[in-house]
1. Pick from A:187, A:19, A:90: which residue has the top mean-square fluctuation in a GNM of chain A where Cα pairs under 10 Å get a spring?
2. Relative contact order of the stretch A:119-241: what whole-number percent is it, with Cα pairs under 8 angstrom and at least 6 residues apart?
3. Specify the residue with the greatest mean-square fluctuation among A:86, A:227, A:40, computed from a Gaussian network of chain A linking alpha-carbon atoms under 10 Å apart.
4. Would you order C:87, B:127 from fewest to most other beta-carbon atoms within 10 Å of each residue's own beta-carbon?
5. Report the Rg/Rh value for the stretch B:25-145, based on alpha-carbon coordinates and the Kirkwood definition of Rh.
6. Only Cα pairs within less than 10 Å get springs; with that Gaussian network setup on chain B, which residue of B:239, B:87, B:28 has the largest fluctuation?
7. Sorted by packing (mean other beta-carbon atoms within 10 Å per residue), highest first, where do C:216-224, B:67-75, C:52-60 land?
8. Beyond 33 Å, how much of the Cα-Cα pair distribution for the stretch C:4-212 remains, as a whole percent?
């Protein structure tokens, strides 16, 4: 008897997002295996962030279903999505600028752990992010790249099972981008990660399965080398289609 | 910084210790005050403390959770009137306290109903503030109109002082000195309780909700529930202050529930420093004193001054006077340091 | 049938007053998310203008002409002096305009005393409508208010200014990009809203107590109108005014005024839970 294929961690099917007369996402399927690292790319307006909004629970799909760990999650309150293990980093920096860096991390931990454990985790995270010396500093005073990293750190604090990163390397230096790629590759197998990105160097460095969106639909899907060589994808990016 | 924003980490950081020292110092004054003053002046301080407690309840809601209530006197007044109406029905030494509990229960009940519909309906900011304004307005109208129960414009007299009794043994606080210490004890307990609760993760969560509610929600916090709980606690504390006022003064009137008091308490918190917990007490004391002086000069002048204050507050010192003092303090320290370093 | 006509006309009276007062508030709120806590004072100013004019021998109709000018002037000054600087700070606008409201109330009391001001109805007697008799003044009030609202609607829909206004409500940045002077639009819209509220003050004055604090009531009610009906469109204001005006009038027949106000408050709070943007969202 052959072993049954493991259940995908996320199975979103037939997702449609309608705003008035406009359809930002038209019938998208997204299936993620546990521990997978996936990239979503596409020109601006392709519907990538809208797709994220639906998977993270901040937008209710007009049609479709989203099964997370086998359970239908559409319509659940936003904080429940987070508690179920879906963590998100927004495209626009949204940490708490008035609070110290350490507090930003501490508040991102929603599980009922003891203060000591929480502090330990936060300090370990700061070390990993290279922010140990900025613990008491106002988060708003960090450099842009540091802010991005802090946000990734905040998303990781609650030990999520599914991590959604919307343009994590926007505004980062080449070195920071490389380090981010290393960080994400290191999660493979343990944490399912989906990344929306525009920086092709970063996407190449990730070396993972890549999904291409255009005008609300998926037009290509496969290993990055294959996507890179795909004529249709190239045309879409060059604005020919 | 004296701000109670959580500086995370060690159980008592130097900022915490400074705060505790100042709080203790300030508490020493009302603690020792009765030793050298007459009953009338003491009753004035006692009443100011009660209003300070009321201001604390608003500070918890506004300074910690970021929700501005324009009708907070509705809760204070419900506490006061609840006590004044229920206590005479019960009789006995504990009548006042039981009435007070009834008042608190009513205020919390109103907070739950209004809060549930507004908060879980996604109403925030300006809309929320307007509804609280209407709440105070409507409460005031009801209290004036329902004269049979509330005494109308004249109000109600005969609220018993706080006390408890078991059979033969009776313990009633009927004089200004003991009442003063009761109010002081309750105020200290309230300040310490809120301070302790806000030091840790809870304070951080509230600060996060205050800063960016949606973000806090995506981090897994049930922000609606948190806000509702804060509203309920704030309403209950305001009602407690109202009940205390009814018991120590023996008299309630519509000015305890209306718009003017609702706006005055905002002034007390704003002047004292939003979010500082002890600031509201200072603000209440300072402003009430000012009010006495101004009103004895010309009673018309006071609402005019309050109005002017609101405008000035918005344009000149949006964070209260405390930060201004802090900046002045730091500048002085900076000058002192430079002088020390100069050759 | 006997009862229904006066009831309907009473509802219409309150609704048309609420529409006049609510319109100004809603446009401002829909335009720039600004809540003007001094809006009730425009009504008061209108009522006091009537009283002052009649006091020196002027006619009611003169007041109808003068009050909107005075109200509009106050609105213009308020926008220029205070509101304009606080557009990005909604809660600060609330605090500052509330301060202005307190100041205005006190100044009025200082100038005119704290007792009710005397006003005279221009039209006495009743008119027979479909079998029931109804006060003539109220009929004139309804007619006048409706006409004024119709004119406002036409301005909103048919004029260049109205078009610009709607554009700014829809999308402010876009409107600016199209070359519309949004600041000018705000100032004019604010003044018009104040003028309409002042007219409402003149209209309502013969039917109520003219006191310096009368504005607070209209403030609360017009906020309910905006909350219930939705800001930024005339249809929303009409719906909100109808609901609030209708509910309050009908309840007033059965229960004391204070209870009916409480019920309207509860109804608004419950409604906002299910329709947070109002019945007719912008």
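Each reported figure results from applying straightforward, stated rules to the coordinates on display, with no laboratory input. The model shown is predicted, which means the values in this text are computed figures rather than measured ones. Quick reminder, even Gly has a Cβ in these numbers, built from the backbone with ideal geometry, and neighbours come from all protein chains shown.
1. The residue with the greatest mean-square fluctuation here is A:19.
2. Once normalised by length, the contact order is 16 percent.
3. Judging by the Gaussian network model, the answer is A:227.
4. Fewest to most other Cβ atoms nearby, the residues stand as C:87, B:127.
5. My calculation puts Rg/Rh at 1.05.
6. B:28
7. For the peptides C:216-224, B:67-75, C:52-60, the packing ranking is B:67-75, C:216-224, C:52-60.
8. Across the stretch C:4-212, Cα pairs with separations above 33 Å total 19 percent.
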